Amino acid sequence: MNTILRKSILGIAGLTVAGGLAAGPLNHDTSTPTTRNAAAVTTTQATKLDSAALIPHGVQGTQSRIDLDDEQTANVKAIIAATKKAGMDERAAVVSIATALQESKLENLGHLGDRNDHDSQGLFQQRPSSGWGTVEQITDPEYSTTAFLKGLKQVDGWQDMPLTKAAQTVQVSAYPDHYAQWEQQAADLVAEHWNS
């Protein structure tokens, strides 16, 4: 099949799917799941999101996973709450949580002395000297998440980028590809906690 014909067919199929998702179901039967958006499937019994839908580009590379303690789980919930407060969607929360997993393993880190990367602190390892805020601000999960999301909003087309590229554009890390390894766990955490 030639390339132009193939792109036309795929474009029409994409419009059909997007139109169907935007229009929503015509019959609203509460006994069966209904789609609220591309990422969420809601029933009267279940409010968990589909984590696969939160990874539109698929995961890149080998995925890492850590067990979370209560503090780390509270930080996940704080990131999600700040994302909602900023008026951003589940995908923004996935990017934020994956970034925090890479930067701090979701631990709100203070100054680490000799182990510190310059003056980086908090969930996102933001630096007061780089204009992210004061130490008190960047070690506040809501503030640091809001600051990260403000940077993400300024990245044209971040929604269509692979996670690691979107995160790297905001963070400017020396290890730009490392964010990708946390995408599955971040999506799973958003799926679990977005509606809780």
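Observations
- Extending 7 Å from the Cα toward the beta-carbon at both K48 and E136 defines two label points whose distance is 4.1 nm.
- The label-point distance for D177 and K153, in a model that sets each label 7 Å from Cα toward Cβ, rounds to 3.3 nm.
- Accessible area of segment 82-194 belonging to carbon and sulfur atoms, whole % at 1.4 Å probe: 46
- Computed from the alpha carbon positions, the gyration tensor of segment 103-193 leads to an equivalent ellipsoid with semi-axes of 21, 15, 14 Å, biggest first.
- Each residue of segment 142-153 was assigned a 3J(HN,Hα) from its phi angle through the Karplus expression (A = 6.51, B = -1.76, C = 1.60, θ = phi - 60°), giving 5, 4, 5, 5, 4, 5, 4, 5, 4, x, 5, 4 Hz with x at Gly and Pro.
- Length added when fully stretched, Q63-D160, from 0.36 nm per residue minus Cα-Cα: 32.9 nm
- Within straight-line reach of K48, meaning a Cα separation under 24 Å, sit the following lysines at least 8 residues removed in sequence or on another chain: K77, K84, K85, K105.
- Accessible area ranking (1.4 Å probe, heavy atoms, ligands and nucleic acids excluded), largest first, for S130, S196: S196, S130.
The values are calculated or read from the model by the stated rules, or taken from the named source; none is laboratory data. If you're wondering where the values come from, they're calculated on a predicted model, not measured in any experiment. Quick reminder, even Gly has a Cβ in these numbers, built from the backbone with ideal geometry, and neighbours come from all protein chains shown. Calculation scope for accessible area: heavy atoms of the full protein, side chains included, ligands and nucleic acids excluded. Shrake-Rupley method; radii C 1.70, N 1.55, O 1.52, S 1.80 Å.
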